[in-house]
1. Take the residues in segment 139-154 that are near the ligand (Cβ under 10 Å from one of its atoms) and of a type outside the set (A, V, I, L, M), then tell me which one is farthest from Leu239 (Cα to Cα).
2. Which one is nearest to the ligand (Cβ to nearest atom), of the residues in segment 165-216 that are of a type in the set (Lys, Arg) and outside the structural domain of Leu238 (by TED's automatic domain parsing)?
3. With the checklist (1) assigned by TED's automatic domain parsing to the domain that holds Asp87; (2) buried (at least 18 other Cβ atoms within 10 Å of the Cβ) in hand, flag the one item Gly151 doesn't pass.
4. Of everything in segment 1-32, what is more than 15 Å from the ligand (Cβ to nearest atom), of a type in the set (A, V, I, L, M, F, W, C) and not in a loop (DSSP other than H, G, I, E, B)? Give them in sequence order.
5. Within segment 146-166, how many residues are of a type in the set (Gly, Ala, Ser), at negative phi and not in a helix (DSSP H, G or I)?
6. In the same structural domain as Ser145 (by TED's automatic domain parsing), surrounded by fewer than 17 Cβ atoms within 10 Å (Cβ to Cβ), part of a helix (DSSP H, G or I) and under 19 Å from the mean Cα position of the chain (by Cα), is that true of Thr126?
7. Of all the residues that make up segment 70-126, how many are within 14 Å of the ligand (Cβ to nearest atom) and on the phi > 0 side of the Ramachandran plot?
8. Could you tell me whether any residue of segment 74-85 is crowded, with 24+ Cβ neighbours inside 10 Å and more than 25 Å from Ser145 (Cβ to Cβ)?
Amino acid sequence: MERFEGKVVLITGAGSGLGRAVALQVAKEGAKLSLVDLNEKGLEETKSEVQKVALNAEVLLVTANVANEDDVRNYVDKTVEAFGTIDGFFNNAGIEGKQNVTEDFGSEEFRKVVDVNLNGVFYGMTYVLKVMKEKGSGHIVNTSSVGGIRGVGNQSGYAASKHGVVGLTRNSAIEYGQFGITINAIAPGAIMTPMVEGSLKQIGGEDGWEEVGKAFVEPNPMKRFGKPEEVGYLTAFLLSDQAGFVNAAVVPIDGGQSY
Ligand code: NAD
């Protein structure tokens, strides 16, 4: 039997990068999908890719801003209306924000990043946990980052928000283990997605970003970027019942960068 047969998986940031990769992986293994993103076009693209690998997959698309609590309540309600429950939640939407040293970072930019990356994750957990607690099971995976484990420089908002995701994950995992719910985080290093490409372009421009990328991965023990599908494999495991005793973990997927 497929790991996700009959299971409902809710994914935010599903219109691109890691969210899309996880959607494809769990769909291949039988999941029904509720896909959330700000970007409607990205969601449509993910849906059509899902339907190439899982012909009969049931897919709900919800356009929502995870930084808006009403939108979050709405995407959770719509998922439950459509599928009756939520078994797995990949709480993943995030932004990087502009790069700058702390004194020049700017409070507005700081708030913007924290609103999406930390508050958005908190709102998602708030409403999904109610559903999972009622049925006495569920798996949540929050997306932190290497920048949530150690400092990376020029990213005050990002690092603060991703460290916050680690704290939130561990805190809630302790509260909800007794209800059969696991809550973990992944901490990706540099995975080649549109977000990373955008950040390399901020530094190297359209012509120079690939060279900047090569220099960027040189200190990594694996000397390469991670692939979105590699995050798909790890996250699918953590969202599955096979990971039933993995709780409060922050799992790096970074080629060894954080050590
Ligand atoms: P991405 O930019 O390819 O995808 C992020 C998606 O989130 C986009 O589709 C975007 O539209 C959506 N999104 C952004 N803000 C939103 C909001 N307010 N409401 C709803 N949707 C919103 O980036 P990615 O690389 O796939 O990143 C996914 C997550 O992984 C993020 O939380 C990011 O911080 C984290 N991460 C990525 C890397 C990496 O190297 N790619 C490393 C560490 C952590």
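1. So, considering only residues that are near the ligand (Cβ under 10 Å from one of its atoms) and of a type outside the set (A, V, I, L, M), the one farthest from Leu239 (Cα to Cα) is Gly147.
2. Taking the candidates together, the pick is Lys201.
3. (2)
4. Answer for segment 1-32, where residues must be more than 15 Å from the ligand (Cβ to nearest atom), of a type in the set (A, V, I, L, M, F, W, C) and not in a loop (DSSP other than H, G, I, E, B): Val8, Val9, Val26, Ala27.
5. 1
6. yes
7. 1
8. yes
The values are calculated or read from the model by the stated rules, or taken from the named source; none is laboratory data. The model shown is predicted, which means the values in this text are computed figures rather than measured ones. Cβ atoms come from the backbone with ideal geometry, glycine included; neighbour counts cover every protein chain shown.
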